[in-house]
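In what follows, a single structure is set out as structure tokens and then discussed.
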Amino acid sequence: MATLAIIGGTGFTRLPDLTVTRREMVKTPFGAPSCPLVFGELGGTPVAFLARHGSSHRIPPHRINYRANLWALQSVGIERVIAVGAVGGIATDCVTGAIVVPDQIIDYTHGRDRTYFDGGDDPVRHIDFTEPYDPSLRRALIDAAGEIADLTIVDGGCYGAMEGPRLETAAEIRRLAADGCTVVGMTGMPEAALARELDLAYASLAVVVNPAAGTDGRRVDIDAMPDAIERGMNSAREVIARALPAASAR
């Protein structure tokens, strides 16, 4: 039985090497998840897979039903989650093609359903979110990435979660940099906090696919992003395949 799940983001809507055993559309009290959960084995390790934006990548970041996605995974026995997402690089070491394994996050999103404890019959629960990412999962990913030649791996950093779906202004990126953010994305929250509310171990593979707006005085090259996304997500798949034995250990 799978106890580890992979959530795939932009450019990561499937796991080509996954030996699929079944698909299941899980009903939740919060509506439908983005797509059916896919169960199978990857390199002999049982895993579940969920495409965050849906199988055809049609759900924008602010419309993702994050509560349903995490609840669905927890309800089928998932205990550990590796979340993959495309990001822009802010810090100088977060270059295009790098894999960042952040250890902190700042939430700049608004209007999203961000907690399971929003009133009703259940008492409010306050979670400790001092360290938003699971240390053992982070270590498994960092060690696996370190085995891959010519891959730039960044151990630690702060993910700035923006609303999207538009990319940021140069002024917004300057603000994020001043706040200590090293990468910027659109799906890191409330996903990480919801995982913590459900007691799921959670870590992120942030794939840098472009320099953030205004970096070195440049505009974002939208036309160059598809190739960068494809290359970066292929690297993320290799990292995950190497990390699975350690990442799935309880």
Built amide H within the under 5 Å cut-off of Thr152, gap 5+: Ile99
Projecting the Cα atoms of Thr19, Phe117, Ile240 onto the charge dipole of the chain, where Lys and Arg contribute +1 and Asp and Glu -1 at Cβ, the residue farthest towards the positive end is Thr19
Counting heavy atoms of the protein chains only and a 1.4 Å probe, report the per residue accessible area for the chain as a whole number of Å². 46 Å²
Taking all protein chains in place and a 1.4 Å probe, what share, in percent, of the accessible surface of the stretch 111-250 do carbon and sulfur account for? 48 percent
Got a number for the accessible area of Met189? Probe 1.4 Å, square angstrom, nearest 10. 20 Å²
Solvent-accessible area of Arg139, probe 1.4 Å, all protein chains present, reported in Å² to the nearest ten, please. 110 Å²
Taking a 1.4 Å probe, which of Thr152, Thr3 shows the most accessible area, and what order do the others take after it? Thr152, Thr3
About its Cα centre, what dipole magnitude does the stretch 23-121 give when the only charges are +1 on Lys and Arg Cβ and -1 on Asp and Glu Cβ, stated in debye to the nearest 20? 380 debye
Using the Cα centre as the reference, give the magnitude of the dipole from point charges on the C-beta atoms of the chain (Lys, Arg: +1; Asp, Glu: -1; all else neutral), rounded to the nearest 20 debye. 600 debye
Charge tally in the Cβ shell below 13 Å around Gly85, where Lys, Arg are +1 and Asp, Glu are -1, Gly85 excluded: 0
Got a sec to turn the phi values of the stretch 231-243 into Karplus ³J(HN,Hα) couplings, 6.51 cos²θ - 1.76 cosθ + 1.60 with θ = phi - 60°, whole Hz, x for Gly and Pro? 5, x, 6, 5, 5, 4, 4, 5, 4, 4, 4, 6, 7
For the chain, set up a GNM with springs between Cα atoms under 10 Å and report which of Pro36, Pro16, Pro165 has the largest fluctuation. Pro16
Hey, what number do you get for the chain at 222 nm if only DSSP H runs of n ≥ 4 count, each worth -39500 (n - 2.57), divided across all residues, to the nearest 500? -8000 deg cm²/dmol
If amide H atoms are built 1.01 Å from N in the plane of the peptide, which residues on other chains or at least 5 residues away come under 5 Å of the amide H of Thr10? Ala86
Each residue of the stretch 14-29 in turn: what ³J(HN,Hα) in whole Hz from Karplus with 6.51, -1.76, 1.60 and θ = phi - 60°, glycine and Pro shown as x? 7, 10, x, 8, 6, 7, 7, 9, 6, 10, 9, 8, 8, 7, 9, x
Among residues other than Ala236 whose Cβ falls under 12 Å from its Cβ, what is the net charge (Lys/Arg +1, Asp/Glu -1)? +1
Go through His126, His53 and list them by solvent-accessible area, largest first, probe radius 1.4 Å. His126, His53
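The values are calculated or read from the model by the stated rules, or taken from the named source; none is laboratory data. Keep in mind it's a predicted model, so treat the numbers as computed, not measured. Every residue, glycine among them, receives a Cβ derived from its backbone with ideal geometry; neighbour counts consider all protein chains shown. Heavy atoms of the whole protein, side chains included, go into the accessibility calculation; ligands, DNA and RNA do not. Shrake-Rupley method; radii C 1.70, N 1.55, O 1.52, S 1.80 Å.
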